[in-house]
Amino acid sequence: MTVIDSDNKLVLHSIGTPNGRRATVLLKHLNVPFQYDRIDITKQEQFSKSFRSLNPYSKIPVIEDHDPINNEAVVIFESCAILLFSAEKYDTQKKIHYTIEDGPVYWDQMKWLFFTASDLSPSQGQLSFYRNFAPVQDDFAIQRSLQETEKVYDALELRLNENKGWLVSQTLNIADVAAYAFVKRSSFVELDVEHKWPQVWNYLEKLDKIQGFQEGYHYDALG
Ligand SMILES: N[C@@H](CCC(=O)N[C@@H](CS)C(=O)NCC(=O)O)C(=O)O
C-alpha cells in the first residue's frame, strides 16, 4: 500500500472500474499529477487492514491528499466526494465545477451529481453484477435491475433533450464526469444506448472529445 509521499502529491488508491474512473477522468482533465496505488479488488486487496484503515467500507476509489484551506492531510472515499474535493482544490479556474456563490446552478450540479451517485451507479452496478458476475442466473434480479437502470437512462434522456444536451446549465461540470464513467460502460450491461437513448448517446460522444476524458477512462482497466 502506497502512503502519501513527501512532495504532497495526491495518492489515488483505485482500479479501473466505473467508480474508479470517475477519479482518473477528472484528474486527467485537470492535469493533476498523482501517484497510483492499484488495489486489485479481484484479489480482495480492498479487505486488507491497511486499505480498511482508509475506507472502513472497503471500496475503491480513495484518495489521500491535503486540504486546500489548511493543508492538513485528508483521506477521502466515495467517488463523488472525490470529485467535489478535487474540483475544489485543483479546478482553480472553475472550468468544471460550480461553487455555492454561483447560485441555483450549483444546486443543479449537486442534484445531478447525487443522482449519478445514488441512482445511476447503484442500478447499473447491480445490473452488471447480476448479468456478468453472479454465480447463478437470477432472471428476476436481472429484470428488476434492468428496469431500474432503464428508468435512470430515461431520466437522463429527458433531461438532455430538454436542456440542449447538458445536465446542468449548458456547460461541463463534475456531474458529467460522474455520469460519463458509467454511461461509457453501458455496453458491458448490454444497454443499447445508441438506439434507445439517442440523446445520451450524443452526450457520450460529446464527452469523449473533451480533453483528458478518454485518457482518464482508459488509464486503468479491471481485467
Ligand atoms: N459509493 C461508492 C461505491 C464504490 C464501489 O462500489 N467500488 C467498487 C468498485 S466499482 C468496489 O470497491 N468493490 C469492491 C467490493 O465491493 O468488495 C463510490 O462511489 O465510490
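Worth pointing out:
- Taken over the range 117-149, the residue count meeting the criterion of being farther than 22 Å from Arg21 by Cα, of a type in the set (D, E, K, R) and not in a loop (DSSP other than H, G, I, E, B) is 3.
- So Leu167, is it in a loop (DSSP other than H, G, I, E, B), open to solvent by less than 30 Å² (accessible area, probe 1.4 Å) and free of Cβ contacts under 8 Å to residues at least 60 places away in the same chain: yes
- Flag if Lys89 is away from the ligand (no atom under 16 Å from the Cβ), part of a loop (DSSP other than H, G, I, E, B) and at pLDDT 95 or above: no
- Selection status of Thr42, assigned to a helix (DSSP H, G or I), within 13 Å of the ligand (Cβ to nearest atom) and open to solvent by 70 Å² or more (accessible area, probe 1.4 Å): yes
- Of the residues Ala117, Ala87, the single one that is hydrophobic (A, V, I, L, M, F, W, C) and either open to solvent by 10 Å² or more (accessible area, probe 1.4 Å) or more than 21 Å from Lys28 (Cβ to Cβ) (or both) is Ala117.
- Residue in the range 150-158 that is over 15 Å from Val183 (Cα atoms), modelled with pLDDT of 95 or more, in a helix (DSSP H, G or I) and touching a helix residue (DSSP H, G or I) at 6+ places or on another chain (Cβ under 7 Å) present: no
- Within the range 63-73, being loosely packed, with under 15 Cβ neighbours inside 10 Å and either of a type in the set (Asp, Glu) or touching a helix residue (DSSP H, G or I) at 6+ places or on another chain (Cβ under 8 Å) (or both) holds for Asp67, Pro68, Glu72.
- So Ser6, is it within 16 Å of the ligand (Cβ to nearest atom) and either at pLDDT 95 or above or surrounded by fewer than 17 Cβ atoms within 10 Å (Cβ to Cβ) (or both): no
- Residue that is nearest to Asn71 (Cα to Cα) [pool: residues in the range 18-36 that are within 16 Å of the ligand (Cβ to nearest atom) and open to solvent by less than 20 Å² (accessible area, probe 1.4 Å)]: Leu27
The values are calculated or read from the model by the stated rules, or taken from the named source; none is laboratory data. Everything numeric in this text was worked out from a predicted model, so none of it was measured. No Cβ is skipped: glycine too gets one built from the backbone with ideal geometry, and neighbour counts run over all protein chains shown. SASA here: full protein model, heavy atoms, side chains in, ligands and nucleic acids out. Shrake-Rupley method; radii C 1.70, N 1.55, O 1.52, S 1.80 Å.
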